[in-house]
Amino acid sequence: MNGMQLPLAVQLPQTAAFDSFVAGANAEAIGALKNGQSAYLFGAGGTGKTHLLMAAARAHNGAYLPWSAVATAGLAVLDGYGHPRYLAIDELDLATTPGDGWQALLRLLDQRHQHRQITWCAALRPPDALPDIAADLRTRLAQFPRYGLQTLDEEGQRTLLLDGARRRGLKLPEDVVRWWLRHLPRNPARVLKTLDHLDQAALREQRRLTLPFVQSVLAAPAAESGQTGQSR
């Protein structure tokens with residue numbers, strides 16, 4: 001590796017920001033990341049772990065490292081990640097499965113701890129609930145302040161939807177909002193992707209977002225393909 005260049009260049013979307021995240025019951029976790037404190041986030045898919053890790057990396061000019069990219073590129077890419085002041089490690093569950101991944105992760109975490117670097121991690125489960133995890137790695141992960149992310153309640157879902165629409169210059173009538181909350185998936189990433197799709201359709205066809213128009217757009221195959229992602 002030359003200088004401080006990182007081996008994996010992961011593009012962080014502009015939408016990954018703290019102010020576009022509806023906190024709900026997760027204000028304490030958000031505060032820790034905003035303040036540049038190491039943290040371990042856990043929670044079911046759709047609670048926004050990836051969004052927050054990316055937001056923290058953008059806010060602090062840090063690096064974002066999804067473990068799926070490591071699995072594809074090979075463990076050698078980790079050599080460059082002991083040095084960034086701030087590092088977000090996502091999809092930690094993949095690193096704890098049988099194989100050499102957990103050993104490489106432990107070495108990386110130990111190196112960063114030694115140099116007093118700030119590390120944020122995210123997984124579906126807390127360290128003591130990760131299956132088949134080595135004792136040394138479990139001990140290291142347990143030293144992180146842990147924050148269990150909660151899904152948004154009804155009011156939080158409404159806020160996410162209306163705020164996401166406002167940021168895109170969209171006006172959602174109340175009947176569209178009510179229908180959306182009753183019938184569409186509530187995964188935050190999927191909500192925002194669907195809003196992007198509606199924004200493009202409304203611009204292309206020069207239409208307002210009436211309920212019949214929204215229903216017709218989201219019934220199309222393109223809308224279904226845009227709904228396949230899942231926020232961690």
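Computed from the coordinates by the stated procedures, all read-outs in this text should not be read as laboratory data. Predicted, not measured: the structure shown is a model, and the values here were computed from it. Ideal geometry is used to build each Cβ from the backbone, glycine not excepted, and the neighbour counts take in all protein chains shown.
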(request) Read phi for every residue in the range 148-165 and hand back ³J(HN,Hα) as whole Hz from Karplus 6.51 cos²θ - 1.76 cosθ + 1.60, θ = phi - 60°, with x for Gly and Pro. (result) x, 7, 10, 5, 6, 7, 4, 5, x, 4, 4, 4, 4, 5, 5, 5, x, 5
(request) For the chain, set up a Gaussian network in which alpha carbons nearer than 10 Å are linked by springs, and say which option among His183, His60, His51 fluctuates the most. (result) His183
(message) If you take every residue apart from Cys121 with its C-beta less than 11 Å away from the C-beta of Cys121, what net charge results, scoring Lys and Arg +1 and Asp and Glu -1?
(response) +1
(request) Let me have the relative contact order for the chain, percent, based on Cα pairs under 8 Å that are six or more residues apart. (result) 25
(message) Run lengths n ≥ 4 of DSSP H only: what is the helix-derived mean residue ellipticity at 222 nm for the chain, with -39500 (n - 2.57) per run over all residues, to the nearest 500?
(response) -13500 deg cm²/dmol
(message) Using Stokes-Einstein with the Kirkwood hydrodynamic radius over Cα pairs, what translational diffusion coefficient do you get for the chain at 20 °C and a viscosity of 1.002 mPa s, in µm²/s rounded to a whole number?
(response) 113
(request) Equivalent ellipsoid semi-axes for the range 142-204, as square roots of 5 times the alpha carbon gyration tensor eigenvalues: give them largest first, rounded to whole Å. (result) 27, 14, 10
(message) Taking just the alpha carbons, could you work out the radius of gyration and Dmax for the range 175-220, both in angstroms?
(response) 10.2, 28
(message) Taking every alpha carbon pair in the range 76-202, what does the distance histogram look like in 10 angstrom bins from 0, in percent?
(response) 10, 33, 19, 22, 15, 1
(request) Return the sequence-ordered ³J(HN,Hα) values of the range 40-57 in whole Hz as given by the Karplus equation 6.51 cos²θ - 1.76 cosθ + 1.60 applied to θ = phi - 60°, using x for Gly and Pro. (result) 10, 9, 9, x, 5, x, x, 8, x, 4, 4, 4, 5, 5, 5, 4, 5, 4
(request) Count the net charge of all other residues whose Cβ sits under 12 Å from the Cβ of Ala59, scoring Lys and Arg as +1 and Asp and Glu as -1. (result) +1
(request) Please report, largest first and rounded to whole Å, the three semi-axes of the ellipsoid equivalent to the range 73-147, where each semi-axis is the square root of five times an eigenvalue of the C-alpha gyration tensor. (result) 18, 15, 11
(request) Given the options Arg112, Arg58, Arg167, state which has the largest fluctuation in a GNM of the chain using a 10 Å cut-off (strictly under) for Cα springs. (result) Arg167
(request) Give the long-range amide H neighbours of Ala39: residues separated by 5 or more places, or on another chain, with amide H under 5 Å away, using H modelled in the peptide plane at 1.01 Å from N. (result) Thr119, Trp120, Cys121
(message) Below 15 angstrom from the Cβ of Arg85, what's the summed charge of the other residues (Lys, Arg +1; Asp, Glu -1)?
(response) +3
(request) Calculate one ³J(HN,Hα) per residue across the range 175-189 by plugging θ = phi - 60° into the Karplus curve 6.51 cos²θ - 1.76 cosθ + 1.60, and present them in order as whole Hz with x for glycine and proline. (result) 5, 5, 4, 4, 5, 4, 5, 7, 10, 9, x, 9, 4, x, 5
